[in-house]
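Beneath this line is the structure, given in structure tokens, with notes to follow.
The values are calculated or read from the model by the stated rules, or taken from the named source; none is laboratory data. Nothing here was measured: the structure is a model prediction, and the numbers come from that model. Cβ: placed from backbone, ideal geometry, glycine included. Neighbour counts: every protein chain shown. When the accessible area is computed, the model is the full protein with side chains, heavy atoms only, and any ligands, DNA or RNA have been set aside. Shrake-Rupley method; radii C 1.70, N 1.55, O 1.52, S 1.80 Å.
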Amino acid sequence: MYQIFPDRFYFSGEEKDIKRKDFTRNKDWYALPVWQPNEHGEITNSDFFMGDLKGIARKLDYLQQIGVSCIYLNPIGEAYSNHRYDTGDYSHVDPILGTEDDFRELCALAKERGIHVINDGVFSHTGADSVYFNRYGRYGDGGAYRDMNSPYYSWYKFNEWPDNYHSWWGFYTLPEVNETDPAFNEYINGENGIIRKYMRLGNSGWRLDVADELPDEFMVNLRNSVKEENPEALIVGEVWEDASNKESYGARRKFLLGEQLDTVMNYVFRGAILDFCRGQDARYTMASIMSVIENYPRPVLRVLMNSLSTHDTERALTIVAGEPLNDRDRAWQAAQKLSPEKRKMGIKLMKIASAMQYTLPGFPCVYYGDEAGMEGYRDPFNRCCYPWGKENKELVEWHKKLGALRAEYSAFWDGEFVGVYAKDRELSYIRHDDHTAAFCAFNLMGEDREFTPPPGYESAKPFFGSKFEDNKLCLKAMSCDILTIEL
């Protein structure tokens, strides 16, 4: 899977007739996003680089080359920020991104290459600047903020109308919705609702924003809507902790029992991998990996969404090679760039981290540009534009090889996981099914180390060309390799 923040991936060059004037356009593709507050002390996220859906379509050949079989798009609905989590109108594609026809064409062109597209579903809140709430009057006199008789009034939770309302984590620009309201549920999950609308345009499923803040009733209704439209469509939930024992709304959640989600974003593996790269003893890393393998149902485990970075985290390269953030401010973050020495070490660590990401149970989800060596601390520095023409080609080629590895060996699709060795800065494990097997070894020591695979690998060839003689796999300092065999 490949995660794309639409404004920052690629601009097709096709200008659009944008009616709104309340945004700034950054014409320097390689510049930092705006990070300083405006004169009112607010961060408006209203600067755009004009990345669009046609731009993504024009890069499908590239995505195919690195082995992508699914694209996950951050929100594409009409909104007024560059992140688009402040939905203005679910039913319209944001004009800066293009049109419904552009989305339909993207899905169709992608499927011709064996690539599916899933959308980000943001259903715990809308924007205050929306056709539904309409705090600022952009949509005329209607909306829950302006009219208690609005058809959308029941969607929201007013303590005292109109200014005192529940909002997402206290952000007044993101009023919370009542997901169990029949009108809201019908609008999202009904026969002609938002879920089915985008599926009929060609998408293959949904990633649900803040899934742990969506009530069970809504999640069941959403699943029914998705599966009735396409039983094979995917539903991925954003859950940062172990989703098998997560509690919210005062109860144990039922995410993984077959009635709500198909799978979740696997932040547990992310933490295990990056902590290992930053110095954690391999025993703790293996324990974290095994906790998920032991706790998650097999149908979930085989499709876990394994990311190293997302739009909500620092870039993985910055985490493994840069200074810890330690709550430093935006000005400090904006000024940071890895030195050549740290970047060189970071690339080595990213190779190891991505090799783990691609070989652990589940499927890898590459955050756009991670494979090109992008750096950056928190939002907005983790959301810079893809560095077309300035990629780290070594890392891109590495990801192409990893994509080819996954495509060729079925052990990585649904194979068993067997831990082999975990101590100090050395870790190894096996993935196997009835047809193929792989011995995956990782050396984060400052010196060369030998790994001994179990019997059966004597004739294997190291995938990345390490020395393998007398059943000893010699890994150079800060490197990894994979022995593969057919059974």
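Condition check: open to solvent by 10 Å² or more (accessible area, probe 1.4 Å) and polar (S, T, N, Q). Does N382 satisfy that?
The answer is no for N382.
Identify, from the list R25, R8, the residue that is within 29 Å of F171 (Cα to Cα), surrounded by fewer than 15 Cβ atoms within 10 Å (Cβ to Cβ) and among the charged types (D, E, K, R).
R25
Is it fair to say S150 is in a loop (DSSP other than H, G, I, E, B), touching a residue at least 40 places away in the same chain (Cβ under 8 Å) and of a type in the set (S, T, Y)?
No, not satisfied.
Hey, could you check region 465-484 for residues that are in contact (Cβ under 8 Å) with a residue 24 or more places away in the chain and part of a loop (DSSP other than H, G, I, E, B) and say which is most open to solvent (accessible area, probe 1.4 Å)?
K476
Please go through region 147-183 and give me each residue that is under 29 Å from the mean Cα position of the chain (by Cα) and aliphatic (A, V, I, L, M), ordered by number.
Matches in region 147-183: L174, V177.
State all residues of region 451-464 that are in a strand (DSSP E or B) and in contact with a Leu (Cβ under 7 Å, 6 or more places away or on another chain); if no residue qualifies, say none.
Those that are in a strand (DSSP E or B) and in contact with a Leu (Cβ under 7 Å, 6 or more places away or on another chain): F451, P462.
Taking region 71-82, which residues are open to solvent by 20 Å² or more (accessible area, probe 1.4 Å) and in contact (Cβ under 8 Å) with a residue 24 or more places away in the chain?
Answer for region 71-82, where residues must be open to solvent by 20 Å² or more (accessible area, probe 1.4 Å) and in contact (Cβ under 8 Å) with a residue 24 or more places away in the chain: just Y80.
Do the conditions hold for F442, that is, is it modelled with pLDDT of 95 or more, within 23 Å of A272 (Cα to Cα), assigned to a strand (DSSP E or B) and open to solvent by less than 60 Å² (accessible area, probe 1.4 Å)?
yes
Quick one: is L53 in contact with a Pro (Cβ under 8 Å, 6 or more places away or on another chain), open to solvent by 40 Å² or more (accessible area, probe 1.4 Å) and either modelled with pLDDT of 95 or more or among the acidic types (D, E) (or both)?
Against the criterion (in contact with a Pro (Cβ under 8 Å, 6 or more places away or on another chain), open to solvent by 40 Å² or more (accessible area, probe 1.4 Å) and either modelled with pLDDT of 95 or more or among the acidic types (D, E) (or both)), L53 does not qualify.
For region 108-115, check the following and say yes or no: at least one residue is closer than 30 Å to Y10 by Cα and free of Cβ contacts under 8 Å to residues at least 12 places away in the same chain.
Among the residues of region 108-115, at least one is closer than 30 Å to Y10 by Cα and free of Cβ contacts under 8 Å to residues at least 12 places away in the same chain, which makes the answer yes.
Residue-wise test of (1) in contact with a helix residue (DSSP H, G or I) (Cβ under 6 Å, 6 or more places away or on another chain); (2) of a type in the set (K, R); (3) modelled with pLDDT of 95 or more.
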position: P151; (1), (2), (3): no, no, yes
position: N164; (1), (2), (3): no, no, yes
position: I188; (1), (2), (3): yes, no, yes
position: I194; (1), (2), (3): yes, no, yes
position: R223; (1), (2), (3): no, yes, yes
position: E232; (1), (2), (3): no, no, yes
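In region 285-342, what count of residues is obtained for those that are in a loop (DSSP other than H, G, I, E, B) and closer than 17 Å to V268 by Cα?
Total meeting the criteria: 13.
Within the set of pairs 6 or more residues apart or between chains, which connect a residue that is on the phi < 0 side of the Ramachandran plot inside region 154-168 to a residue that is in a helix (DSSP H, G or I) and open to solvent by 30 Å² or more (accessible area, probe 1.4 Å) with Cβ atoms less than 7 Å apart?
Once the first residue is on the phi < 0 side of the Ramachandran plot and sits in region 154-168, its partners that are in a helix (DSSP H, G or I) and open to solvent by 30 Å² or more (accessible area, probe 1.4 Å) give S154/A183; W155/A183.
Just a yes or no: is a residue in region 412-422 in contact with a Ser or Thr (Cβ under 6 Å, 6 or more places away or on another chain) and part of a loop (DSSP other than H, G, I, E, B)?
No, every residue in region 412-422 fails to be in contact with a Ser or Thr (Cβ under 6 Å, 6 or more places away or on another chain) and part of a loop (DSSP other than H, G, I, E, B).
From the residues in region 225-264 that are of a type in the set (S, T, Y) and closer than 23 Å to T313 by Cα, which one is least open to solvent (accessible area, probe 1.4 Å)?
T263
All but one of (1) of a type in the set (S, T, N, Q); (2) open to solvent by less than 10 Å² (accessible area, probe 1.4 Å); (3) not in a loop (DSSP other than H, G, I, E, B) hold for N134, so report the exception by its number.
Going through (1) of a type in the set (S, T, N, Q); (2) open to solvent by less than 10 Å² (accessible area, probe 1.4 Å); (3) not in a loop (DSSP other than H, G, I, E, B) one by one, N134 breaks only (3).
When only residues in region 169-181 that are out of contact with any helix residue (DSSP H, G or I) (no Cβ under 8 Å at 6 or more places or on another chain) and either assigned to a helix (DSSP H, G or I) or touching a residue at least 60 places away in the same chain (Cβ under 8 Å) (or both) count, which is surrounded by the fewest Cβ atoms within 10 Å (Cβ to Cβ)?
G170
Please verify whether region 357-379 includes one or more residues that are charged (D, E, K, R), open to solvent by 10 Å² or more (accessible area, probe 1.4 Å), part of a helix (DSSP H, G or I) and over 21 Å from V264 (Cβ atoms).
no
Does region 421-435 include one or more residues that are touching a Cys at 6+ places or on another chain (Cβ under 8 Å), on the phi < 0 side of the Ramachandran plot and surrounded by fewer than 16 Cβ atoms within 10 Å (Cβ to Cβ)?
No, there is no match, as no residue in region 421-435 is touching a Cys at 6+ places or on another chain (Cβ under 8 Å), on the phi < 0 side of the Ramachandran plot and surrounded by fewer than 16 Cβ atoms within 10 Å (Cβ to Cβ).
Where the second residue is part of a helix (DSSP H, G or I) and acidic (D, E) and the first is within 30 Å of D129 (Cβ to Cβ) and lies in region 39-67, which pairs have Cβ atoms under 6 Å and are six or more apart or on separate chains?
F48/D7; F49/D7; G51/D7; L53/D102; K54/D102
hydroxyl-bearing (S, T, Y), assigned to a loop (DSSP other than H, G, I, E, B) and open to solvent by 10 Å² or more (accessible area, probe 1.4 Å): is that true of Y85 in this structure?
yes
Restricting to region 25-74, name every residue that is within 30 Å of V303 (Cα to Cα), in a loop (DSSP other than H, G, I, E, B) and either touching a Gly at 6+ places or on another chain (Cβ under 9 Å) or hydroxyl-bearing (S, T, Y) (or both).
D52, I66, G67, V68, S69 - these are the residues of region 25-74 that are within 30 Å of V303 (Cα to Cα), in a loop (DSSP other than H, G, I, E, B) and either touching a Gly at 6+ places or on another chain (Cβ under 9 Å) or hydroxyl-bearing (S, T, Y) (or both).
Just checking, which of Y198, Y139 is in contact with a strand residue (DSSP E or B) (Cβ under 7 Å, 6 or more places away or on another chain) and either hydroxyl-bearing (S, T, Y) or in contact (Cβ under 8 Å) with a residue 60 or more places away in the chain (or both)?
Y198
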